[in-house]
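Presented below is the structure to which this report refers.
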Amino acid sequence: MMAVMENVTKLVRANKFVLDTVMYKVGEDAISDAFSRAADAADNTQVVLIFPTLQEELSLSHQEQKAEMEKQARVKEEEAAKKREEDERDKLKSDWLNLLFTDQSVAAMSPEGPLSTAYEGGNTSNPSALLVWVGDDPKSDAAAMRDISAQAPSAALVSLAWSDHPAGEAFNEFSLKSPEVVDGSFYLRDRQGFENQDLDMLHDVELLGRCLLESIEPKLGEFGLDWDKVVIMGFGKGAGIALYASLLNIFPKQVSAMVLFSPIVLFPSFLAQKMEALRMPGAGKMKVFTVWGNRNRSTPGTYRQLLAQTLKKAKDVHCTPDTLPDADHSFDSKSVNVLTSMLPLCLPR
């Protein structure tokens, strides 16, 4: 065999025998192709592997280390920039939340006018009390308002429409049938987990609460009444707006009582924190009646329990919960009957 190889070598050197040769450089070329070609019996081409020199390997290793260090530096810089951006966003969010429901908030600085009056009735000449209704569908509530007025002949009654106010557009479109509402996770969010949409809705609730104030104050002046002669009634999102306005001192004084049917109160944990920071207790106990439909999927049990715990933290609030059997998220004839039966307990004396 050695003799054959020697003869072949002599023939090659004498240029009398030619071998097709292809070279693959390790580290640069696809070595798998080299082995595939060498294993091909039909291919007579000689495959030669060229290994890098020690100097080349050292240089390549240095380049790889430099590239890896540059990559790590870029990753660290990107992470630092991302953290700075997140910290700045968190600071802006915290500052925004701290300003909400204060005299320095955007809503306080830029009021958008009173809510429109959907219904006005009862004793409007010399009332002893003012009943204020804040529902989610003032047109369909009009018949119920007439029935309620008849049950309180000594009081004036106004129904205020927040849903057609420009500030209420986004809050009105928020779906109470979304999975996060039905499973209660939406209500359980705290300030660290708030998204931009949550911040916008809290701003809208404050703005609508201030619009509610602008609607009630002229009526009190017209009728010669003070806030202790006011009873606020409401349903759904409207009830939540009214509760926020009352508990966070948007109203200058405490009202006599509130009757709230299936109130949609955004983020009770946040409300509790703001109450602790802002609420000025009233002179007496404000009576709050909450009425829940036991088949209302928009107000799950975890939310109701959290809201009840929040209301207990307000020392000047006496909350009485009640449940309507077989009731869903609607203000119907059963709700009207319950409301009329509660009025004697709520009307100021």
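Given the condition open to solvent by less than 10 Å² (accessible area, probe 1.4 Å), part of a helix (DSSP H, G or I) and in contact with a helix residue (DSSP H, G or I) (Cβ under 8 Å, 6 or more places away or on another chain), answer yes or no: does some residue in the range 126-141 qualify? Checked the range 126-141: no residue is open to solvent by less than 10 Å² (accessible area, probe 1.4 Å), part of a helix (DSSP H, G or I) and in contact with a helix residue (DSSP H, G or I) (Cβ under 8 Å, 6 or more places away or on another chain).
Scanning the range 292-304 for residues that are surrounded by 13 or more Cβ atoms within 10 Å (Cβ to Cβ) and either under 17 Å from residue 133 (Cβ atoms) or out of contact with any Leu (no Cβ under 8 Å at 6 or more places or on another chain) (or both) returns 296, 297, 299, 300, 304.
Yes/no per residue for (1) within 25 Å of residue 249 (Cβ to Cβ); (2) of a type in the set (Asp, Glu); (3) open to solvent by 60 Å² or more (accessible area, probe 1.4 Å):
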{"position": "76", "(1), (2), (3)": "no, no, yes"}
{"position": "80", "(1), (2), (3)": "no, no, no"}
{"position": "103", "(1), (2), (3)": "yes, yes, yes"}
{"position": "109", "(1), (2), (3)": "yes, no, yes"}
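Within this structure, residue 229 fails the test of being surrounded by 16 or more Cβ atoms within 10 Å (Cβ to Cβ), closer than 22 Å to residue 331 by Cβ, touching a residue at least 12 places away in the same chain (Cβ under 8 Å) and touching a Leu at 6+ places or on another chain (Cβ under 9 Å). If you go through the range 172-191 and keep only what is in a helix (DSSP H, G or I), in contact (Cβ under 8 Å) with a residue 24 or more places away in the chain and over 10 Å from the mean Cα position of the chain (by Cα), you end up with 172, 181, 182.
For residue 253, state whether it is assigned to a loop (DSSP other than H, G, I, E, B), touching a helix residue (DSSP H, G or I) at 6+ places or on another chain (Cβ under 8 Å) and open to solvent by 10 Å² or more (accessible area, probe 1.4 Å). So residue 253 passes the test.
Annotation note: Cβ proximity below 7 Å between a residue of the range 36-51 that is outside any loop (DSSP other than H, G, I, E, B) and a residue that is open to solvent by 60 Å² or more (accessible area, probe 1.4 Å) and of a type outside the set (Phe, Trp, Tyr) (sequence gap 6+ or interchain) occurs for 46/19; 46/20; 46/21; 47/37; 47/38; 48/21; 48/23; 50/23.
In the range 144-203, of all residues being open to solvent by 60 Å² or more (accessible area, probe 1.4 Å) and touching a Leu at 6+ places or on another chain (Cβ under 8 Å), the one that is farthest from residue 267 (Cα to Cα) corresponds to 151. Every listed requirement among (1) within 29 Å of residue 95 (Cβ to Cβ); (2) open to solvent by less than 10 Å² (accessible area, probe 1.4 Å); (3) at pLDDT below 95 is met by residue 343 save one, (1).
Considered as a group, the residues in the range 202-250 that are under 16 Å from residue 105 (Cα atoms) and either at pLDDT below 95 or not in a helix (DSSP H, G or I) (or both) include one that is nearest to the chain's Cα centre (by Cα), and that residue is 248.
The values are calculated or read from the model by the stated rules, or taken from the named source; none is laboratory data. From a predicted model like this one, the values you see are computed outputs, not experimental measurements. Virtual Cβ from ideal backbone geometry, glycine too; neighbours counted across all protein chains shown. For accessibility, only protein heavy atoms count, side chains too; no ligands or nucleic acids. Shrake-Rupley method; radii C 1.70, N 1.55, O 1.52, S 1.80 Å.
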